[in-house]
Amino acid sequence: MSVSTKQPVVSVSQRNARRIAFIYVAIGLAWITGSDRLVDAIVAQSHVAVVQMLKGYAYVFLTGYALYAAIVRLLIFSRETQRRLKESENAYRTLFESHPNPMFIYDCETLRFLAVNQATIDKYGFSRAEFVTMTLRDIRPPELQEEFTRAFNAHKYFDEFIAYGPVRHWTKDRRLLDMQITSNTLQFAGSSQARVVLAQDVSERVRAEHELIKSRHDLKEAQRIAQLGSWTIDHRSGVMSLSEQMQRLIVLNADSQVSDALFQRVHPDDRAALQQAYERAWQGSSLYLEVRTLRDDGEIVHLLLRGELSVDADGSKQLIGTALNISMRKQHERKMQQSELQYRQLVDLLPEAVLIHNEGRVTFANPAAATLFGAARASDMLGAEVEHFIAVPSKADAQARFLSLQRGLVAETGFQERLLKKIDGEVFTAEIAAQFVMLDGNQCIQAVVRDISQQKKMQTDLQLANERLLHLSAHMVEAGESERRQLSRELHDDLGQALTFIKMTAAWLRRRLPDPDIAERLTQINSVAGDALEKVRNLALALRPAQLDALGLKAAIEEHLHRFCAGSGVSYTMQLQELSPRPQPALEIALFRIFQEALTNIFRHSGANFIELSLTRRDAAITLRIVDDGSGFDVAAASARGESLGLHTMTERAQQLHGSLQLHSVAGVGTELIALIPEESE
């Protein structure tokens, strides 16, 4: 690398050569002129020629020796100068290559890179060979090319040192860099116009500056949105400096005097308090004060002033603080006060008792609460402990609920049943709905109380009546089953045997009497007796199938379904589990009667062509499921009308044994009946 300054200057060797030539000419002229005159003055005319010749010899000898000495000295100086120049160039090359920041040299005419250091290669990602083929434009983003052209044209004619930036460069992998540029002109490798550039990466600084600008903008926006201004007061000068938002809040100019401008804006009734607050703040107390300021249009702005004393190292004092516009909050407080007043007036008119308590003590009670708890006036309950109105059995649960409300674990509860106590100690049953409320700025619990003592008594009486009715119904069913069993047995044993005897007697007489008329009559008697006997058998089976008592529920259902479907055109499938051991008789007869009633309804009303039947035992319960493909019906409407005695009877039989009956029916699709009865029921 061979570099030199661009300014056209004469080298040291040239200057010395010119100096020697000038001295030689000057001495020669002085010698010729002076020596001739001296010879003429002191030498005889006859010896002048000899002396002139000797003088010439002496001049040549002396000047030749002087020229030799001067040239030797000039050569020594030139070699030393070349050595120093080489060392300087090496030092420059070392500085250029080892500099930690990118440095490069480019041609001012072509913008082509002439040399780059290792830091440039590392920063931009291009190799040295790639840089040699590139120009200065190749490290500028396309969108900044026009800006680069304007900047380059503005700087290209400056020969001196130039510093500018930051400018935007990009790397081989298209990462953007913000670079601070310093450059100077030089001569490089025969290039008449070249510049050496030092580029410092200031991306982090630029990013930090942008973030600072954004932070300041965000702070200003936050102050604007929050209606929050900042201020400082110097103790010596008494001058208040205001932020832009602070000026908007109180309509003051910056650097306004505290003693006049601010006080002129503050409401006259608040000026004394403000002055006292400032005096205390200068003594080290925190400033916290609400003041009213007056705008030019007459609007009152409520400000919350906060401030702290700051003491610098030189002992100078300042008050630094903020001002928050709380006008909206004041409006909300007034509206809240009006709302609370309306709330209290409304609660006073409520027929239900309302209690509000804070930290376990009653802070509000309406007249209905005073009446409910036996107080003469609602004010007599204020300050009383809430625990005094809760009976012992409900205290633990009530305290847990109140604690959950206070901690925010429960936002709101429905009505909960509690045992409460009046002032005179009388215990009564009540429903309480408690919720968390804010009243007069305090966190309170509001409780709405309903006396349900009479309601509970009526519910208890109704429950007892229902239980008695259920027991009566069960006894009636059992009595009916007993009567059916007895009637079935009498029909089968007595009437069946009598009809059998009549049939056998008629047959015997017909064989012994030759009269054809009598034989025909006896045949008719035999036929009628047979029909009557078949009807008696069917009636006895309907009243109490013998298979149910003898073989169990599965056999009784199979026999009954076979007889019902025989010749009817209705097909069926059965999946009947053998119940072993057999369940209690009451459970068997209940399921069989439900089966009978369902089968009767299917044949009477549904017009079904197919029946699916299953009987299973699982988890100590027996389930009977009957499905048909009939016309279906509206279960809810049939139950509401109360016209279906069969549905009511089936449901009641299941409920008597603590079971359930489910009916699902879709018009045109069919009906599903599921009866589930636990085996532990009595």
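The values are calculated or read from the model by the stated rules, or taken from the named source; none is laboratory data. Just so it is clear, the model here is predicted, and its values are computed rather than measured. Note: ideal-geometry Cβ built from the backbone for every residue, glycine included; neighbour counts use all protein chains shown. Just so you know, the surface numbers come from the protein's heavy atoms only, side chains and all, with ligands and any DNA or RNA stripped out. Shrake-Rupley method; radii C 1.70, N 1.55, O 1.52, S 1.80 Å.
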The answer for Cys108, listing residues at least 5 apart or on another chain whose modeled amide H is closer than 5 Å to its amide H, is Gln193, Ala194, Arg195
Taking placed amide H atoms and a strict 5 Å upper bound, the residues 5 or more places from Leu382 or on another chain that come that close are none
With 0.36 nm assigned to each residue of separation and the Cα-Cα distance removed, Val239 to Met328 gains 29.1 nm
Karplus-derived 3J(HN,Hα) from phi for segment 591-607 (6.51 cos²θ - 1.76 cosθ + 1.60, θ = phi - 60°), whole Hz, x at Gly and Pro, runs 5, 5, 5, 4, 4, 4, 5, 5, 5, 4, 5, 4, 6, 7, 10, 8, x
Checked segment 546-624 against the a/c 1.5 cut and the a/b vs b/c comparison, axes a ≥ b ≥ c from its Cα gyration tensor; verdict prolate
Share of accessible surface on carbon and sulfur in segment 268-376, whole %, 1.4 Å probe and ligands ignored, is 51
Quick calc: nm separation of the 7 Å Cα→Cβ label points for Thr63 and Arg511 -> 19.5
One finds the C-alpha centres of segment 212-246 and segment 326-387 to be spaced, in Å, by 43
The extension gain from Ile76 to His217, computed as 0.36 nm times the residue separation minus the Cα-Cα distance, is 43.9 nm
The percentage of Cα-Cα pairs in segment 175-251 separated by more than 15 Å is 73
Descending packing, highest mean Cβ count within 10 Å first, for 214-227, 124-137 is 124-137, 214-227
PRE zone check, label point 7 Å out along Cα-to-Cβ of Glu387, amide N under 12 Å, scope segment 337-381, hits 360-361
Hydrodynamic calc, segment 73-141: Kirkwood Rh from Cα pairs, then Stokes-Einstein at 10 °C with viscosity 1.306 mPa s, so D in µm² s⁻¹ is 115
For the pair Leu111 and Arg361, the simple spin-label estimate (label points 7 Å beyond Cα toward Cβ) gives in nm 8.5
With label points set 7 Å from each Cα along the Cα-to-Cβ direction at Lys457 and Ala272, the distance between them in nm comes to 6.6
Highest mean packing first, using Cβ neighbours within 10 angstrom, the peptides 353-365, 95-107, 658-670 sort as 353-365, 95-107, 658-670
Per the 1/(1 + (r/R0)^6) rule, R0 = 35 Å and r from the Cβ atoms of Thr600 and Glu578, FRET efficiency to 0.05 is 0.85
Along the dipole axis of segment 595-676 (charges at Cβ: +1 for Lys and Arg, -1 for Asp and Glu; origin at the Cα centre), the most positive-end residue among Val666, Thr649, Ser606 is Thr649
Counting only protein heavy atoms and leaving out ligands, DNA and RNA, the solvent-accessible surface of Asp122 at a 1.4 Å probe, in Å² to the nearest 10, equals 110
Projected area averaged over all directions for the convex hull of the alpha carbon atoms of segment 98-222, nm², comes out at 9.0
Scalar couplings 3J(HN,Hα) for segment 195-204 by Karplus 6.51 cos²θ - 1.76 cosθ + 1.60 (θ = phi - 60°), nearest whole Hz, x for Gly and Pro, are 10, 9, 10, 10, 10, 10, 6, 10, 4, 5
Taking placed amide H atoms and a strict 5 Å upper bound, the residues 5 or more places from Asn366 or on another chain that come that close are Val354
